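Comments concern the structure below.
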Amino acid sequence: MAVEIVTVPCLQDNYAFVLHDPVTQETAVVDVPDAAPIKDVLEARGWKITQIWLTHHHFDHVDGLPGLLASHPAQVIGAAADAHRLPPLDIQVAQGDTFSFAGAPVHIIDVSGHTLNHIALHVPAANAVFTADSLMALGCGRLFEGTPTQMWDSLCKLSALPPETIVCSGHEYTQSNARFALTIDPANQALISRAQEIDKLRAQNIATVPSSLQLELATNPFLRATDPAIQAHLNMVGANAADVFTEIRARKDRF
Ligand code: ZN
Ligand code: FE
């Protein structure tokens with residue numbers, strides 16, 4: 001499968017994604033913050049969408065849906081448990097479910113934390129996972145509905161995917177995430193280098209999303225609660241990983 005993934009900047013700092021399989025000509029959209037920039041991509045390339053995947057109910061991920069559907073009808077897929085507060089769904093999914101896109105499986109991972117019933121969509125054939133506001137580039141979403149332990153469990157599920165997986169997350173928050181990450185993991189050379197690279201990219205207004213899971217595992221403090229240097233820096237040597245994560249998340253909320 002040679003799926004092309006287009007990152008689409010929307011609103012202030014959101015990202016939607018368009019997946020296109022050149023063999024079947026099937027096209028999917030992940031989240032619809034705003035219809036216009038997504039329509040521009042579809043129309044410029046002559047792609048016809050078949051599916052729209054929604055990660056969670058927040059307005060900045062779904063509000064463009066009616067506008068997109070009006071001109072580009074497609075099946076809408078989202079979490080069964082959030083059907084009451086998502087736009088009308090054609091296919092309802094839950095943790096462990098699989099549906100098919102362009103003849104390949106898409107796996108649903110419940111990544112509750114930012115919201116309850118937030119889902120990530122893993123497409124092994126495209127080597128990609130769509131994480132929206134769960135795992136983000138150098139960060140993770142703020143905990144509006146779930147507990148720190150729920151978010152930690154969600155991040156552990158994502159961490160277990162193949163390290164070469166491309167992480168397509170929902171916002172361009174990476175530069176401020178990097179500044180925070182350096183307060184938690186200041187001696188991490190991979191993080192220091194990545195922060196410099198991010199500054200260069202942002203100075204040219206280039207997207208820092210997507211990233212790779214391997215890079216996140218090496219540099220994202222929210223995935224590194226078991227790291228001895230981070231635990232020492234936080235005076236939490238030997239502490240439970242979920243407790244270390246909770247402390248890092250609390251510090252980010254105050255940052
Ligand atoms: Zn959100
Ligand atoms: Fe968001």
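The values are calculated or read from the model by the stated rules, or taken from the named source; none is laboratory data. Computed from a predicted model, the values in this text were never measured in an experiment. Positions of Cβ are backbone-derived with ideal geometry, glycine not excepted, and every protein chain shown enters the neighbour counts. What goes into the accessible areas is simple: the full protein's heavy atoms, side chains included, and nothing from ligands, DNA or RNA. Shrake-Rupley method; radii C 1.70, N 1.55, O 1.52, S 1.80 Å.
Among the residues of the stretch 55-68, count how many are open to solvent by less than 10 Å² (accessible area, probe 1.4 Å) and away from ligand 1 (no atom under 11 Å from the Cβ). First the steps, then the outcome.
Step one: list which residues in the stretch 55-68 are open to solvent by less than 10 Å² (accessible area, probe 1.4 Å), which gives 55-56, 61, 64-65, 68.
With away from ligand 1 (no atom under 11 Å from the Cβ) added as a condition, the list becomes 64-65, 68.
The total comes to 3.
Tell me yes or no: at least one residue of the stretch 2-13 is within 21 Å of LEU89 (Cα to Cα) and either surrounded by 21 or more Cβ atoms within 10 Å (Cβ to Cβ) or among the charged types (D, E, K, R) (or both). Before the answer, list the steps.
Keep residues of the stretch 2-13 that are within 21 Å of LEU89 (Cα to Cα), which gives none.
For the stretch 2-13, residues within 21 Å of LEU89 (Cα to Cα) and either surrounded by 21 or more Cβ atoms within 10 Å (Cβ to Cβ) or among the charged types (D, E, K, R) (or both): absent.
Condition first: surrounded by fewer than 24 Cβ atoms within 10 Å (Cβ to Cβ), among the hydrophobic types (A, V, I, L, M, F, W, C) and either within 16 Å of ligand 2 (Cβ to nearest atom) or outside the structural domain of TYR15 (by TED's automatic domain parsing) (or both). Now tell me which residues in the stretch 108-133 satisfy that.
Scanning the stretch 108-133 gives a single hit, LEU116.
Restricting attention to the stretch 11-54, which residues are at positive phi and within 13 Å of ligand 1 (Cβ to nearest atom)? First the steps, then the outcome.
Kept after step one, since they are at positive phi, are these residues of the stretch 11-54: 11, 25, 31, 46.
Passing the criteria: LEU11, ASP31.
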